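The values are calculated or read from the model by the stated rules, or taken from the named source; none is laboratory data. All figures in this text were calculated on a predicted structure; none of them were measured in a lab. Cβ placement follows ideal geometry from the backbone for every residue including glycine, while neighbour counts extend to all protein chains displayed. Protein only, heavy atoms only, side chains kept; ligands, DNA and RNA dropped before computing areas. Shrake-Rupley method; radii C 1.70, N 1.55, O 1.52, S 1.80 Å.
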Amino acid sequence: MIGAKLKIALLYDLWNEDPVAAAAKEEEKKEETPVRKPRKKVKKVKKKEKTDREEIFEALQKLGHEPSYFELDGRPQSLHSLSRCDADLLFNLTESFDGDDTKEMNVVAYVDLLGLRYTGAGPHAIFLSQDKAIAKKIFGFHGIKTPFFATSYRGRIEHCHDISFPLIVKPSWEDGSIGIDAGAVVKNVKEMMERVQYIQDEFDSPALIEEYIDGREIYAGILGSYERAQVLPLVELDLSKLPEGTPKIASYDVKFEKNTEAYKLTKSAIAENLDDETRKRLETTALAAYRALKLRDYGRIDMRLAPNGDVYVIEANPNPWLASRQEFAMAAKASGLSYTELIGAIVDLAMSRYLNADLTNVASMN
């Protein structure tokens, strides 16, 4: 454990949480910039639950650090303020800039330019993970099994495999199950073309068209560096109780919409009934994907375990959601780490990475 008391700023992005402030900000932006149609996802705030940043703040206090909040509100002024941040470490919780999640990597690239230390994935890893088509091509190069796929954008289809129905069609650039609902699984060409059009119109994103893999939804949380990383106990999102005819997928309703039947009928728990060989195969596959996309400190690999035992990587999640009730913390708890210890481990991994880099630089100068 890092023994020193650190000043740690929790860096997070905020939008549409305060209607009055949001309206004022929009008026200010209208005066500063031309009108444009933004690519924004909708963020819903659960009023009765602590946010992940509040939980992490408390954990950092328990660890003896000096935490603070740093909000990126989408205005240039907040970026200018960040350049003057004197924290020893930024605990990076950003998912976008001004609600545009394609700019998530830009935030950490900016932090890199400022020379500030931060937790989690760098811009390269975020880019590779966020563009699902590129990630899948990298998986293929490394021999990591992933569903066959094609991409389509404005009438152009590329990287097409010989794929067959049923298929799942989703945005190539979004995360958090954005754009994934019951209509995402298609059974014929007409449904596929309609869904591709919907993805392009709604998200201005290439549509990722991939094989629908029937099987168990398995998540592997990983802590560590490229060289040394450990897979936490595997978590399964149980989709077996979804109504007959409902696609067994981790849709937006399943993950986030508490009032829907899909949410109420599904749950995540530590994966059971996995023999040692299958578990080892899942862990090995997850580690290979983590390293292939240059993830660091912590990450989550989403997989499908087919009935015949084949393991398919669906996608990788750099900087996954760290709320205590979510899958990553659940896996850490099963490994013996308390929530506070998990947050401490992420801080230690980030600081060790920077300290090792400093030592390497000093050695190269001698």
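Quick look at the numbers
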item	result
Residue 273/residue 325 FRET efficiency (R0 30 Å; Cβ-Cβ; nearest 0.05)	0.80
Theoretical ellipticity at 222 nm over the chain - DSSP helices of four or more residues, -39500 (n - 2.57) apiece, nearest 500	-11500 deg cm²/dmol
Kyte-Doolittle at least -1.0, axis length at least 27 Å by Cα - qualifying DSSP helices, the chain	339-365
Protein accessible area in region 40-166, 1.4 Å probe - carbon and sulfur %	53 percent
Share, in percent, of DSSP beta bridges within the chain that are antiparallel, nearest 5	75 percent
Residue-normalised accessible area of region 156-205, given per residue in Å² at a 1.4 Å probe	54 Å²
Förster radius 51 Å - calculated FRET efficiency between residue 259 and residue 114 (Cβ-Cβ, nearest 0.05)	0.75
Label-point separation in nm, residue 154 to residue 228, each point 7 Å along Cα→Cβ	4.9 nm
Estimated distance in nm for a label pair at residue 85 and residue 100, the labels positioned 7 Å out from Cα along Cα-to-Cβ	2.0 nm
Under 24 Å between alpha carbons - lysine pairs in region 151-297 that sit 8 or more apart or on different chains	25
Accessible surface of region 301-354 [probe 1.4 Å, protein heavy atoms]: carbon and sulfur percent	55 percent
Cα centre as origin, Lys/Arg/Asp/Glu Cβ charges: region 67-221 dipole, Debye	460 debye
Options (1) 4, 17, 23, 25, 18, 9, 3, 0, 0; (2) 6, 27, 36, 24, 7, 1; (3) 5, 22, 33, 26, 12, 2, 0 - which one matches P(r) over Cα pairs in 10 Å bins from 0, in percent as calculated here	(3)
Region 241-366: relative contact order as a whole-number percent, Cα under 8 Å and 6+ apart	15 percent
Order by protection proxy (mean Cβ within 10 Å, highest first), peptides 204-217, 289-302, 81-94, 187-200	289-302, 204-217, 81-94, 187-200
Total charge dipole magnitude, the chain, about the Cα centre, Cβ charges on Lys, Arg, Asp, Glu only, Debye to nearest 20	160 debye
Around residue 290: net Lys/Arg minus Asp/Glu count, Cβ-Cβ under 13 Å	0
Dipole of the chain, positive end: most advanced residue of 282, 106, 92 [Cβ charges, Cα centre]	282
